[in-house]
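Read the structure below first, then the notes.
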Amino acid sequence: MPRPISATISLPSLSHNLGAITHQLSSLSKENTRPTPKVWAVIKANAYGHGIEPAVKAFAQADGLALLDLNEAVRCREAGWTKPILLLEGCFEPADLSVAADYSLAICIHSEEQLRMLESASPAKPVDAVVKLNTGMNRLGFASAEFAPAYRRALGLVDRAVLASVGKMTHLARADDSVDVTLEQLQLFALSTQGLPGDVSVCNSAATLTPQYWLGVPSGAQQWVRPGICLYGSSPFASQSADDLGLKPAMTLRSRIIGVQQVQAGSGMGYGHAFVAPQDMRIGVVACGYADGYPRHAPTGTPVTVEGVRTRLLGRVSMDMLIVDLTPAPQASVGSPVVLWGEGGPSVDEVARASGTIGYELLCALAPRVPKHIKEMS
Ligand SMILES: Cc1ncc(COP(=O)(O)O)c(C=O)c1O
């Protein structure tokens, strides 16, 4: 029998989360008499740990998929996705352009090197492209002064049938926590792209969930938002939970109690005896450790659910096991179900916060050894 750990990926929850976003986009667009933004569902990093094929199925209503791994993009096509796919980091070498042309993948152009690569290319078929402006993230993209000339060169590649279309994008650094910085980025985007034709794409989850931001993107062209984390039922904001935002957890990490110990006051538990029992206690050993993707830095007190009762992690997380307090669940015994995060347990964001990280990292870090069960659309 395999270890009793598994992750359930809920296609209905993924689809619900996309629906919640698109509903808000379309109703507020109507209210503001603007065209409704289209949605690139961001599915990079194996769909934030949820799996490419499940994401392709669950996000059938999205207008496009955005990711950065060429193999994952090809898998989307093989899974039957016929709508646009955007490679968020573009081509790494000339051979990537042939794959992009063969599989009709849109590419990002974020550097002079990529632009030159395209200028000396002659793909079998022109590809769609999006030129990226650096508005203050200072990661990828052309500086403001370089943007218009780079964009015009990209438009020239349409005439040479290297590119099929050209659009513009940027990425926001602080849409989750700073209105001032975000408005500055939006303003620089509007200024630097003024008068340049083509679709626009700016907003990640935090900005898509903040109408002020996506309504502030220039409306003359088709807008595409690029939500990622919110589609998976995790909040991009520190001060608002996924539940507050009407989002449902799409990944539930479950396991079982595989051992029970009655320990006496003063006994240390696990490696380093990082937790010492203040009184006699009953504790449970759960088949889940950092080799499954559970954060090793989760401290004593991190929430966990046993038999539907919320309790806490005790001491240090081991490679394959962790220890929980059974005081609030005296009926629990070997075989009792445990939810580490997701439906019926703490949210992934609660576990992440306790561990000093973000939900993104925990979802992406789910280990390949954890079997995934897919909850299909009903
Ligand atoms: C370029 C780009 N767009 C969109 C996203 C989606 O961001 P989020 O998951 O915060 O919605 C990311 C993720 O980091 C990204 O790198």
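The values are calculated or read from the model by the stated rules, or taken from the named source; none is laboratory data. Model, not experiment: these values are computed from the prediction. Glycine gets a Cβ as well: all are built from the backbone with ideal geometry, and neighbour counts include every protein chain shown.
Some points to look at:
- One residue stands out among those in segment 276-297 that are outside any loop (DSSP other than H, G, I, E, B) and without any contact (Cβ under 8 Å) to a residue 40 or more places away in the chain: the one that is nearest to SER347 (Cα to Cα), which is TYR290.
- Within segment 116-232, helices (runs of 4 or more DSSP H) holding 2 or more residues that are under 28 Å from ALA58 (Cβ atoms): 205-208, 211-214
- For segment 18-68, residues that are surrounded by fewer than 23 Cβ atoms within 10 Å (Cβ to Cβ) and either acidic (Asp, Glu) or within 11 Å of the ligand (Cβ to nearest atom) (or both) total 6.
- The listed residue being over 17 Å from MET251 (Cα atoms), under 26 Å from the mean Cα position of the chain (by Cα), among the aliphatic types (A, V, I, L, M) and modelled with pLDDT of 95 or more, out of ALA277, ALA291: ALA291
- Residues in segment 247-275 that are away from the ligand (no atom under 16 Å from the Cβ) and part of a loop (DSSP other than H, G, I, E, B): 7 in all.
- Looking across segment 142-189 at every residue that is within 16 Å of the ligand (Cβ to nearest atom) and charged (D, E, K, R), the one that is farthest from LEU105 (Cα to Cα) is identified as ASP177.
- Scanning segment 80-105 for residues that are surrounded by fewer than 17 Cβ atoms within 10 Å (Cβ to Cβ), within 16 Å of the ligand (Cβ to nearest atom) and either within 13 Å of VAL39 (Cα to Cα) or in the same structural domain as CYS364 (by TED's automatic domain parsing) (or both) gives no hits.
- Candidate set: segment 210-249, residues that are touching an Asp or Glu at 6+ places or on another chain (Cβ under 9 Å) and more than 27 Å from MET169 (Cα to Cα); chosen: the one surrounded by the fewest Cβ atoms within 10 Å (Cβ to Cβ): SER239
- Unique match (being under 28 Å from ASP177 (Cβ atoms), surrounded by fewer than 18 Cβ atoms within 10 Å (Cβ to Cβ) and either within 16 Å of the ligand (Cβ to nearest atom) or not aliphatic (A, V, I, L, M) (or both)) among ARG77, ARG139: ARG139
- Scope segment 103-148; condition touching a residue at least 60 places away in the same chain (Cβ under 8 Å) and either polar (S, T, N, Q) or farther than 21 Å from GLY195 by Cβ (or both); matching residues: CYS108
- Any chance SER201 is within 11 Å of the ligand (Cβ to nearest atom), out of contact with any Cys (no Cβ under 7 Å at 6 or more places or on another chain) and within 28 Å of PRO54 (Cα to Cα): yes
- Entirely in segment 298-346, the strands (runs of 3 or more DSSP E) that have 1 or more residues that are aromatic (Phe, Trp, Tyr): 337-341
- Restricting attention to segment 348-365, the residues being within 16 Å of the ligand (Cβ to nearest atom) and either buried (at least 21 other Cβ atoms within 10 Å of the Cβ) or assigned to a strand (DSSP E or B) (or both) number 6.
- Hey, THR182 out of contact with any strand residue (DSSP E or B) (no Cβ under 8 Å at 6 or more places or on another chain) and buried (at least 22 other Cβ atoms within 10 Å of the Cβ) or not: yes
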